[in-house]
Amino acid sequence: MATEPKVIIPDREIDCIGLFCPMPIVKSREAIQAMRSGELLAMLSDDPASDADMRSWCQITGNDLVEVSRADGVYRFLVRKTR
Amino acid sequence: MERGGAAPDRVYLDYAGFSPVDPRVLAVMRPFLEAGIGNPSAPHSLGSEARESLEAARSKVARLVGGATPGVIFTSGATEANNLAIRGVALRGGDRPRHVVTSAAEHISVLNACRDLEKGGGAVSVLPVDAEGRVDPEAVRRALRPDTALVSIGSACAEVGTLQPLADIARITRAAGVPLHADAVGALGRVPFAAEGAGLDLVTVSSNDLYGPPGAGALWVRPGVKILPQMLGGGQEGGYRSGTENLPALVGLGVAAELMRAEAGHGEPARLATLRDRFVDAVTVSVPDCRLTGSRADRLPHHASFVLRGVKADSVLLDLDLCGVAASSGSACAQRTGTPSHVLRAIGCAPEEMEGSLCFTLGRWSTLAEVDAVLDRLPPIVTRLRALALPAPR
C-alpha cells in the first residue's frame, strides 16, 4: 500500500526570490529571531549561492536544516529553530 | 624605527571601508555645488563649463588608470561599474548570457552579478584561490571556453590584501581574445598600474578609495570593447550610462585621481607599506595565536588582515572602538549575516579562525603614532577577551 508523502507545513515562510547574498541570510535571521524554539521556517531563494550560505549559517547558529529542495531554479530551505 | 610620539585619542584604520575626503578635493568640489555649474548637457554657458570640467575629470581618471580618455564611463561607484562590466559584456550580442570566469575571492558585487547571469541561463566558472587568496593564471587558461565572454579578476583581494597576478592572467586572455575585467579599487594609486599596457580591457574605479567623495566611480573600457548599457535614459556618458552626471562628485573624483598619482610619485605607497610592515610584524609577535591572512610580499601596501583563534572579531572591534580605534572585520556581508566571509572560506581558513577576522587599512593621514597606539591597545584586549571565553575554574 502506498504511503502518503510527508507534508511539512512551516510556521512561517519568507520569499527571498530575486535577492542575493547576504539578503537571504539576513532575512532568515530576522525571521528566526521572531520565532519560537521548535518552529519551522521555510525560505525560498533563487540565489545560486544560497545553498552553501544556508548550510554554513545553520551550522554556525545551531539551527536545524531539516530539508533542502530545488524546483525550477528555486531553493526551498526548511529550518527548525533550535534555541 | 623610533616610536611615533604622543598617543592619539582616536585612530582610524578603516580606510578601505570609508576614506575621509581630501580637503583639497572638497575645495575644488565646492563651487560645483554652490555656483550652478551642474549639468554637462545644459545648453547655456554654465552647461559648457560643466562639460569642460567633466571632460577634464575624465582625462585625470584615464591617466590614473593608464588608458585612453574616451574609455572612461562615470558611474555611481564601484558596485555599479562592476555590474556594468560583467553584465554589459556578458549580455551583449546574444539571446542569452555567455560564459564568465571569475574567482571565489572577488568582491560581492562581482560575484552577485555573475550569479545573476547564471540564473539567466549563463555559465559561470568560479575559480578557487590558494591559501593566500591568489588565482592561478593557469586555472584561468583551463577555464576558458569557446563561448567565454569575459574574465573578471580583481587587482587585489579586498579582504586579505593579496595582489593578483594580473599581468600573467592578461597575457592569457589577450592571447585567447577574451576581455579581462579588473576591479582595481584598492590597487589604483597604490601599486603600479597601466591598464592598456598590461592588457586589461575593463577597469573598475572607486572615488572614495582615492580620498574622493563617496557615490562616484568609473568603469574604464578599452576602445573597441563593446558593452551593453545597463542604465537607460537620455544617453549621457556616450549612451553607456544614462542619467545626468553627478558633476560635483565626478570633478572631485578627477582631482582625487590626480592627487593619488602625484602622491604615488612622492613615495606614499612606500610610506604606507613601511607603517603596515611595522604593524604586521608587531601584531603577529605580541598577539599569540594570530596570523596574517593573504600574502606577506604581494599585498596592497595599506592593508593588514589577521585571523585570531579563540576570540570573536565583533568583541575585539567593540573593545577597540571603546578605546578609540576604528577597524573592521574585512567583510560587511559577513558582519550582517554572522557567518564566515566567502573569502575566508575560499582560502581554507579553519572554522575556529574564521570568527576572529580583523582588517586594518591605513591611509593618507595614518601616522606612526597611530600605528603604535593600536599596537599598545590591541594585545591586552585580545588577552582579556580570551580569558573571558575560557570556562571558569572549578
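What follows is calculated from the coordinates using simple rules that are stated; it is not laboratory data. What you see is a predicted model, and the numbers here were worked out from it, not measured in a lab. Glycine also receives a Cβ, built like all others from the backbone with ideal geometry; neighbour counts cover every protein chain displayed.
Here the Kirkwood formula puts the hydrodynamic radius of the range B:278-369 at 13.7 Å, using every distinct Cα pair.
The alpha-carbon atoms of the protein assembly as shown, seen along their principal axes, cover 80, 66, 47 angstrom, with the largest extent given first. Here the relative contact order of chain B, from alpha carbon pairs under 8 Å that lie six or more residues apart, stands at 24 percent. At full extension, B:A35 and B:R336 could sit 104.3 nm farther apart than now, given 0.36 nm per residue minus the alpha carbon distance.
Excluding same-chain neighbours fewer than eight residues apart, the lysines reachable from A:K27 by a Cα-Cα span under 16 Å are A:K81. Here the spin labels are modelled as points 7 Å beyond Cα on the Cα-Cβ line, and at B:A6 and A:S69 they lie 6.9 nm apart. Each Lys or Arg adds one and each Asp or Glu subtracts one; over the other residues with Cβ under 15 Å from the Cβ of B:L210, this totals +1. Once both labels are positioned 7 Å from their Cα atoms along Cα-to-Cβ, the gap between B:D376 and B:T244 label points is 5.1 nm. All Cα-Cα distances of chain A, cut into 10 Å bins from zero to the largest, leave 18, 54, 22, 5, 1 percent in each bin in turn.
A cut-off under 13 angstrom between Cβ atoms defines the neighbours of B:V89, and their net charge, with Lys, Arg +1 and Asp, Glu -1, is +3.
Straight-distance candidates among the lysines for linking to B:K312, with alpha-carbon spacing under 18 Å and chain neighbours fewer than 8 residues away dropped, are absent. To the nearest 10 degrees, how steep is helix B:368-389 against the longest Cα principal axis of chain B, on a 0 to 90 scale? Here the helix axis deviates by roughly 60 degrees.
Straight-line cross-link reach from B:K119 at under 12 Å between alpha-carbon atoms covers these aspartates and glutamates, not counting any fewer than eight positions away in the same chain: A:D46, A:D47, A:D72.
Each part gets one Cα centre, and for the range B:172-245 versus the range B:321-394 those centres are 32 Å apart.
Roughly how tilted is helix B:268-286, in degrees to the nearest 10 and between 0 and 90, from the longest Cα axis of chain B? The answer is roughly 30 degrees.
Tell me, in nm to one decimal, what length is gained between B:T284 and B:A326 on full extension, where the rule is 0.36 nm per residue of separation less the Cα-Cα distance?
13.2 nm
Rounded to a whole number of µm²/s, how large is the Stokes-Einstein D of the range B:99-160 at 25 °C and 0.890 mPa s, given Rh as the Kirkwood radius over C-alpha pairs? Roughly 207 µm²/s, to the nearest whole number. The peptide list B:155-166, B:369-380, put in order of mean Cβ contacts within 10 Å with the highest first, becomes B:155-166, B:369-380. Projected label points at B:T69 and B:M231, each 7 Å from Cα along the beta carbon direction, are separated by 2.2 nanometres. Rounded to the nearest 500, the 222 nm mean residue ellipticity of chain B from helices alone is -13000 deg cm²/dmol, with -39,500 (n - 2.57) taken per DSSP H run of at least 4 residues. Each Lys and Arg contributes +1 and each Asp and Glu -1, all at the Cβ; summed about the Cα centre of the range B:320-394, the dipole is approximately 180 debye. Stretching the chain fully between B:R384 and B:A369 yields a gain of 3.0 nm (0.36 nm per residue, less the alpha carbon separation).
Taking other C-beta atoms within 10 angstrom as a stand-in for reagent exposure, B:S48, B:S207, A:S37 fall in the order A:S37, B:S48, B:S207, fewest first. In the protein assembly as shown, a dipole from Cβ-located charges (positive for Lys and Arg, negative for Asp and Glu) runs towards its positive end, and of B:L390, B:G363, B:P165 it is B:P165 whose Cα lies farthest in that direction. Classify chain B as rounded, prolate or oblate, taking a ≥ b ≥ c as the square roots of the eigenvalues of its Cα gyration tensor: rounded when a/c is under 1.5, otherwise prolate if a/b is larger than b/c and oblate if not. Oblate is the answer for chain B, as a/c is 1.5 or above yet b/c matches or exceeds a/b. When +1 charges are put on Lys and Arg Cβ atoms and -1 charges on Asp and Glu Cβ atoms, the dipole computed for the range B:23-264 relative to its Cα centre reaches about 440 debye. Computed from point charges on the beta carbon alone (+1 for Lys and Arg, -1 for Asp and Glu), the dipole magnitude for the range A:12-80 about its Cα centre is near 220 Debye.
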